[in-house]
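The values are calculated or read from the model by the stated rules, or taken from the named source; none is laboratory data. If you're wondering where the values come from, they're calculated on a predicted model, not measured in any experiment. Note that we place each Cβ from the backbone using ideal geometry, even for glycine, and neighbour counts take in every protein chain shown. Heads up: the accessible areas ignore ligands, DNA and RNA and are worked out on the full protein's heavy atoms, side chains in. Shrake-Rupley method; radii C 1.70, N 1.55, O 1.52, S 1.80 Å.
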Amino acid sequence: HRMSAEDDALRQALEASLATFRQEQAQSVVLSSTHAKRRSELLSWMEPHPLVDGAVLQINTINQFHSVFGAMIRSFGAPSSICGFLAVANALLLARDLTAEQTPSLETATARLKDSSAVTPLVHQIMERIQTSRQRYMAEHQPSFPTAAARKAYLSDWVANYEISDVLRNEWDSMEGPPIDLSLIGFLRFNEWPERNSAKHEELARLEEMRRFGGKSGGDKGLLESFDRGRGESMFVLERFRPVRSLATPWEVQAEANAAVPPILVLDLNGHFAVAAMVGEHRGFAPGGLEQAPALAIFNTTDGAYLSGSAALCVSQAFDLYHHESEDLGPSDEVGEGDEPAVAALPDAGTLQPEPVAPPVPPSSAERG
């Protein structure tokens, strides 16, 4: 996990604002705000040709800053921003109601994810798993956490991509109801390799699997200039968990004979996490003229909007993974021989043997939220 002076200042400011928010807001745990745009209005890191237009609908569901989560957060020493835990919970809840042949109903999915009685117990399970893993790591690396303050900071750090990956590759038979088919869930991640010099602890070792996707050292994963597509570098990586775990660039996925994009995606929005799914009937939500067009729903857990800035880069990439007609979306012919296969199976987290990575240097920007 990364921790810089800027991270720490941001955390303190966030916690102060949360305290004020919880005192002043008498609102329900359930949110009601929505946002909508055309796909063609979103920023893109890799513009498809031709672009398939459609509706992008953001539905805000459960308020992650509501005091209902306070006791749970304190019990586990977890971060105040719990979007990572909620995003995984929401993905699992959506997957429980689906088969591979189904498209989620927007109305049904929204109702499911606004049901705090269904969401909260699952958030507790996920938080317990991640916080237990952090405790285990600290116990195995005690010299790296010499003080109570260091241990507290590690436990309360924002959820990292590798932690979401670890949780989603585990079985979830403990949930009530039918077993969850984890092939229905994917994780669309920013490639964090450009920020490797500011990583530390377990995150530093786990970033090694991003090496092959490239990126300028010392860059910002949310900036286009950090990646050279001519060299095969990719801003985004799609992680799939079944039948084997794999990591692939968008063009590698689209080059597959039977490109399988899971119907539910956890989205890394560069400082926030949400869940996306292509949905069916969406009248009353879509921008004018797009009532019958393809629709991607983003289920979010704050009252904010994430259809602009670097978050929109991930949202547009998610839409394009589901709707692409171009055969020329990949890097130029400069990509050399010997590149790894598009969907090479990856080892379990416990068997990864990372290559040496340069020692970390102080980061230049905050990472997660």
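Structural remarks
- Yes/no for SER117 being surrounded by fewer than 17 Cβ atoms within 10 Å (Cβ to Cβ) and under 18 Å from the mean Cα position of the chain (by Cα): no
- Count of residues meeting criterion [of a type outside the set (S, T, N, Q) and buried (at least 20 other Cβ atoms within 10 Å of the Cβ)] in region 210-228: 7
- Region 52-106, residues that are touching a residue at least 12 places away in the same chain (Cβ under 8 Å) and among the hydroxyl-bearing types (Ser, Thr, Tyr): THR61, SER67, SER80, SER81, THR99, THR103, SER105
- Residue tally, condition touching a Pro at 6+ places or on another chain (Cβ under 7 Å) and either of a type in the set (S, T, N, Q) or open to solvent by less than 50 Å² (accessible area, probe 1.4 Å) (or both), over region 198-209: 5
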